[in-house]
Amino acid sequence: MLARAEVHIDEIDAIRTSISKLCEGFPGEYWRKLDRENQYPTEFVNALSEAGYLSILIPEEYGGAGLPLTAAAVVLEEIQRAGCNGGACHAQMYIMGALLRHGNDRQKEAYLPRIASGELRLQAFGVTEPTSGTDTTSIKTFARRDGDRYIVSGQKVWTSRAEHSDLMLLLARTTPKDDVAKRTDGLSVFILDMRESLKSGMSIRPLRAMMNHATTEVFFDDVPVPAENLVGEEGKGFRYILSGMNAERILIASECIGDAKWFIEKATAYANDRVVFGRPIGQNQGVQFPIAKAYAQMRAAELMVQRAARLFDAGENCGEDANLAKMLAADASWAAAEMCLQTHGGFGFAEEYDVERKFRETRLYQVAPISTNLILAYIAEHVLGLPRSY
Ligand SMILES: Cc1cc2nc3c(=O)[nH]c(=O)nc-3n(C[C@H](O)[C@H](O)[C@H](O)COP(=O)(O)OP(=O)(O)OC[C@H]3O[C@@H](n4cnc5c(N)ncnc54)[C@H](O)[C@@H]3O)c2cc1C
């Protein structure tokens, strides 16, 4: 049984209050230090796990809260709104969908209760490769069947949180692209025990990036994976990954809304406080109008995110709405970031205000997990009926 489809408004309010309280324990200086040292927010992720928020989508029978995506979206939004960074752990929420929807009973019983209790982390999602990029069906990582196991060889890039995860959801080819009728066939999904794989041919290399995101490259040199770790049917993995993408887009969009709210609140406070030419800078229309505009943009995107989450929870087709929500929310957070930096003038560049850190962090969502161009291509082709452009 999957999670329930609705969440009461009182539950949403309680989640907002409780996350905001939890985040008070992780103020700007905590994140600044980690950012400077490129370290993982272990204490923050432990606190969220212990409070049960990372297992919010796991059905109650497996030890989770069994709440719908709308509730998970609120968790991530509030984390970002408080100035924290859910990127350290958000993947567990959307990766799990593949296991929930397509895993067998044995896999669910083996992993879900231990993920729910915090004993196991499912934080790594191995899809992107250096040569294929957005063209996922061209990935080269190959899993060759050998008796009761598969042997995996290849390379992933931008595999975030791999060093802080026990399990990875891995997409690999099991039939060469040239041997399948449709290029989306012949791809398979595996749940990989990374602790075992690290002893038998898998290696992880950290990839330093513009923001502190614990991202890595992962190399597979004939890594054995038990055949029982195949999720669903061999060759159908691409559709399993696709089925999780709407959830991923809605959750990332909620993070963007949280970021936009943080930037707007931060800019408003600063514009009221900072006095230049004998009056608060926020008294100037040239300063207050961009803040008001960013607010309007955020509110419009927020409605789209809420609508997409509602459709998802009702089991309706939400492809268009999830894509629009992701693009509009990422645009709203980026516009708010730009406005907030400008409102702060020179101090926007100073580390201690946290604006430059959040500015770098929110920029990611124009590119990952799906770039704006590819969303526009989806809308053009699947919603408007224009010719496929790639
Ligand atoms: C910090 C970070 C964390 C990430 N974490 C993960 C992770 O945990 N797991 C994972 O699997 N991946 C992860 N990614 C990868 C991310 O999903 C990809 O970077 C993203 O999907 C874009 O792919 P690419 O970088 O290969 O760009 P490319 O596919 O090389 O595209 C480059 C540019 O060209 C544009 N472009 C390409 N094709 C077209 C086209 N047909 N029409 C119009 N424009 C086009 C794109 O929009 C983009 O702007 C992460 C990336 C980053 C930066």
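The values are calculated or read from the model by the stated rules, or taken from the named source; none is laboratory data. Bear in mind that the values here come from a model prediction, so they are computed numbers and not experimental data. Cβ placement follows ideal geometry from the backbone for every residue including glycine, while neighbour counts extend to all protein chains displayed. Surface accessibility is based on the protein's heavy atoms, side chains included, excluding ligands, DNA and RNA. Shrake-Rupley method; radii C 1.70, N 1.55, O 1.52, S 1.80 Å.
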On the given criteria, is VAL225 in contact with a helix residue (DSSP H, G or I) (Cβ under 7 Å, 6 or more places away or on another chain) and either more than 14 Å from SER153 (Cα to Cα) or surrounded by 14 or more Cβ atoms within 10 Å (Cβ to Cβ) (or both)?
no
Residues being more than 26 Å from GLU61 (Cα to Cα) and either free of Cβ contacts under 8 Å to residues at least 24 places away in the same chain or of a type in the set (Val, Ile, Thr) (or both): count how many of those fall in region 18-35.
5
For TYR378, all conditions in the list (1) away from the ligand (no atom under 15 Å from the Cβ); (2) over 18 Å from GLU255 (Cβ atoms) hold save one; what is the number of the exception?
(1)
For region 281-385, which helices (runs of 4 or more DSSP H) that fit wholly inside it have 3 or more residues that are without any contact (Cβ under 8 Å) to a residue 12 or more places away in the chain?
285-313
Any residue at all in region 104-115 that's touching a helix residue (DSSP H, G or I) at 6+ places or on another chain (Cβ under 6 Å), in a helix (DSSP H, G or I) and away from the ligand (no atom under 16 Å from the Cβ)?
yes
Complete set of residues in region 225-244 that are part of a strand (DSSP E or B) and not β-branched (Val, Ile, Thr)
PRO226, LEU230, LYS236
For region 68-100, how many residues are within 21 Å of ASP10 (Cβ to Cβ) and either at pLDDT below 95 or within 16 Å of the ligand (Cβ to nearest atom) (or both)?
1
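Report whether or not ARG161 is at pLDDT 95 or above, within 14 Å of the ligand (Cβ to nearest atom) and touching a Cys at 6+ places or on another chain (Cβ under 9 Å). Show your work before the answer.
Details: at pLDDT 95 or above: yes; within 14 Å of the ligand (Cβ to nearest atom): yes; touching a Cys at 6+ places or on another chain (Cβ under 9 Å): yes.
So ARG161 fits the description; yes.
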If we keep only residues of region 349-371 that are closer than 9 Å to MET211 by Cβ and near the ligand (Cβ under 10 Å from one of its atoms), then the residue least open to solvent (accessible area, probe 1.4 Å) is GLU361
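If you go through region 260-280 one residue at a time, how many are open to solvent by less than 80 Å² (accessible area, probe 1.4 Å) and either small (Gly, Ala, Ser) or closer than 12 Å to GLY348 by Cβ (or both)?
Going through region 260-280 one residue at a time, the tally reaches 8.
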Please enumerate the residues belonging to region 137-148 that are of a type in the set (A, V, I, L, M, F, W, C) and within 17 Å of ASN229 (Cβ to Cβ).
PHE142, ALA143
Qualifying position, being within 16 Å of the ligand (Cβ to nearest atom) and either among the aliphatic types (A, V, I, L, M) or buried (at least 18 other Cβ atoms within 10 Å of the Cβ) (or both), among ALA300, ALA322, ALA294, ALA335:
ALA322
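Out of the residues in region 149-198 that are basic (Lys, Arg) and within 16 Å of VAL231 (Cβ to Cβ), which is least open to solvent (accessible area, probe 1.4 Å)? Quick ask: steps written out before the conclusion?
Here is the first cut: in region 149-198, the ones basic (Lys, Arg) are 149, 156, 161, 173, 177, 182-183, 195.
Then keep just the ones that are within 16 Å of VAL231 (Cβ to Cβ); that gives 149, 173.
On the way: ARG149: 93, ARG173: 7 Å².
The qualifying residue least open to solvent (accessible area, probe 1.4 Å) is ARG173.
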Checking ASP178 against (1) in contact (Cβ under 8 Å) with a residue 40 or more places away in the chain; (2) more than 10 Å from the ligand (Cβ to nearest atom), the condition it does not meet
(1)
Quick check on region 135-148: of everything there that is within 16 Å of the ligand (Cβ to nearest atom) and charged (D, E, K, R), which residue is most open to solvent (accessible area, probe 1.4 Å)?
LYS140
Of those in region 198-218 that are outside any strand (DSSP E or B) and aliphatic (A, V, I, L, M), the residue nearest to the ligand (Cβ to nearest atom) is ALA209
Sort out for me the helices (runs of 4 or more DSSP H) sitting completely within region 1-98 that have 1 or more residues that are surrounded by fewer than 23 Cβ atoms within 10 Å (Cβ to Cβ) and of a type in the set (A, V, I, L, M, F, W, C).
9-24, 28-37, 42-50
Do you know which residues across region 104-134 are farther than 21 Å from ALA88 by Cα, open to solvent by 60 Å² or more (accessible area, probe 1.4 Å) and of a type in the set (S, T, N, Q)?
ASN104, THR131, THR134
